[in-house]
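> Dumping the structure here so I can ask a few things about it.
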Amino acid sequence: MQLIATMLAIATTGASAATFHLSNNGELTLSGTLSTYINGTLIGDWDAESNPEGTQTREGVWGGSGNNPIPLSLTAAIELGGNTIPTGPLDLEIDDILGVASITNLSWDVLPESVLSAAANGTILIETFRSINPDSLFIGGVPISFPLGEGSVTSCTITQTVIPGVGPATARPDEPGVTDILVAVPMTLDMMVMTELLGEFPLQFALILNIEGVYTQGDGKNTLSLTATSTVDESADLPDQPLPTIPVELPTVLPPGSEAGVLLDLTPTTIDILINITSNLIATDDGDQPSVPGDVNGDNLVSTDDLLAVLAAFGPCEDCPEDFNSDDVVDVNDILTVVGNWST
């Protein structure tokens with residue numbers, strides 16, 4: 001008992017902690033643009049055996065003979081956006097004495113039952129060349145825009161890194177049980193973007209999710225109302241990996257009004273990413289654990305009653321509420337949990 005008295009004497013802080021899960025009463029908006037810069041060539045889709053009526057491409061104003069590859073650069077802009085109802089947990093701990101909130105283990109599925117639309121458009125810059133069937137002159141240095149087809153974001157997850165998110169927690173003096181929090185959480189965003197012509201683009205990048213919320217203690221169930229926002233604006237080099245050959249109907253220039261069938265052989269080089277996340281979400285604790293570690297009787301306080309309950313259960317104990325770390329024994333570690341979260 002001397003050890004217990006000493007630990008009680010040095011216990012100076014109290015904390016509430018719980019696992020929260022997003023409800024279906026919120027909404028997240030994800031929007032942005034992915035601009036990919038690509039080098040490569042185009043060549044007419046003519047083939048002596050399989051497509052003898054296809055387009056041929058020839059370098060220069062007057063052209064030469066045969067079907068020749070034409071150097072090009074291409075910018076593919078993928079516009080994406082839409083609203084979703086994300087799902088997933090986060091662990092929230094609030095230290096009322098220090099006025100600190102900590103978030104860990106945040107892991108959200110942004111698209112649990114839906115996809116986001118994504119439209120792709122291309123702008124191609126070429127050297128001067130002539131096409132045969134249809135006959136047209138393509139002037140070099142003049143950007144040509146054309147659609148790359150519809151697409152979608154087929155998966156998107158936001159996962160916290162191992163680093164906790166920490167920020168201020170301010171109890172409202174005129175509203176008992178209500179605390180305002182402001183926490184910046186380091187995250188990783190993983191997306192899979194699918195387009196008709198360019199195929200799949202798996203993307204991963206780091207972001208900071210800024211969470212501003214109101215934690216409210218309730219009768220047996222606590223609530224966290226929050227806004228979560230983030231912006232990603234960065235560029236990245238892509239691995240030197242050619243895309244599969246892409247067939248495109250290229251609008252003619254001089255004269256206009258026709259389409260030349262060409263094949264694009266492309267290698268992406270860099271990507272610019274602009275992503276905006278805004279959300280208004282509601283989360284509730286899972287109700288499976290006491291909202292305050294060390295609270296055996298569920299009165300949202302850690303007090304003498306809880307300490308006595310732990311001492312009474314001391315020793316081997318399977319599935320006991322006094323066994324806070326679930327190691328099937330009530331021992332000094334569980335006493336330390338009570339002491340470390342002693343209510344003041």
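The values are calculated or read from the model by the stated rules, or taken from the named source; none is laboratory data. Computed from a predicted structure; not experimentally measured. Positions of Cβ are backbone-derived with ideal geometry, glycine not excepted, and every protein chain shown enters the neighbour counts.
> If I ask for residues that are in a strand (DSSP E or B) and of a type in the set (A, V, I, L, M), which ones from region 65-95 would you list?
Listed by number, the residues that qualify are ILE70, LEU72, LEU74, ALA76, ALA77, ILE78, LEU80, LEU90, LEU92, ILE94.
> Does ILE163 qualify as being free of Cβ contacts under 8 Å to residues at least 60 places away in the same chain, more than 30 Å from GLU200 (Cα to Cα), of a type outside the set (Asp, Glu) and assigned by TED's automatic domain parsing to the domain that holds LEU250?
Here the answer is yes, as ILE163 does meet what is asked.
> Could you say which residue among THR337, THR278 is modelled with pLDDT of 90 or more and at negative phi?
Step by step, each of THR337, THR278 is checked, and only THR278 is modelled with pLDDT of 90 or more and at negative phi.
> A further question follows. Any residue that is under 30 Å from ALA228 (Cβ atoms), modelled with pLDDT of 90 or more and exposed (fewer than 14 other Cβ atoms within 10 Å of the Cβ) - is there at least one of those in region 71-83?
The answer is yes; a qualifying residue exists.
> Also, I was wondering about something else. Looking only at residues in region 96-154 that are of a type in the set (Asp, Glu) and assigned to a strand (DSSP E or B), which one is farthest from PHE201 (Cα to Cα)?
ASP109
Let's see how each residue does on (1) modelled with pLDDT of 95 or more; (2) surrounded by 20 or more Cβ atoms within 10 Å (Cβ to Cβ):
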site: SER16; (1), (2): no, yes
site: THR36; (1), (2): no, yes
site: TRP46; (1), (2): yes, yes
site: SER65; (1), (2): no, no
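> Could you identify the single residue in THR270, THR227, THR252 that is surrounded by fewer than 15 Cβ atoms within 10 Å (Cβ to Cβ), closer than 30 Å to SER131 by Cα and not small (Gly, Ala, Ser)?
THR270
> Do we have LEU203 as at pLDDT 90 or above, among the aliphatic types (A, V, I, L, M) and in the same structural domain as GLY54 (by TED's automatic domain parsing) here?
It is false that LEU203 is at pLDDT 90 or above, among the aliphatic types (A, V, I, L, M) and in the same structural domain as GLY54 (by TED's automatic domain parsing).
> For region 149-164, check the following and say yes or no: at least one residue is surrounded by 15 or more Cβ atoms within 10 Å (Cβ to Cβ) and acidic (Asp, Glu).
Checking region 149-164: not a single residue is surrounded by 15 or more Cβ atoms within 10 Å (Cβ to Cβ) and acidic (Asp, Glu).
> If ASP219 meets every condition in (1) of a type in the set (Asp, Glu); (2) surrounded by 14 or more Cβ atoms within 10 Å (Cβ to Cβ); (3) part of a loop (DSSP other than H, G, I, E, B) apart from one, which number is that one?
For ASP219, the exception is condition (2).
> Taking the options GLY60, GLY88, name whichever one is touching a residue at least 24 places away in the same chain (Cβ under 8 Å), at positive phi and surrounded by 15 or more Cβ atoms within 10 Å (Cβ to Cβ).
Among GLY60, GLY88, only GLY88 is touching a residue at least 24 places away in the same chain (Cβ under 8 Å), at positive phi and surrounded by 15 or more Cβ atoms within 10 Å (Cβ to Cβ).
> If you don't mind, another one. When you go through ALA101, ALA118 one by one, which is the residue that is surrounded by 14 or more Cβ atoms within 10 Å (Cβ to Cβ), among the aliphatic types (A, V, I, L, M) and modelled with pLDDT under 95?
Working: ALA101 fails: modelled with pLDDT under 95.
Of ALA101, ALA118, the one residue that is surrounded by 14 or more Cβ atoms within 10 Å (Cβ to Cβ), among the aliphatic types (A, V, I, L, M) and modelled with pLDDT under 95 is ALA118.
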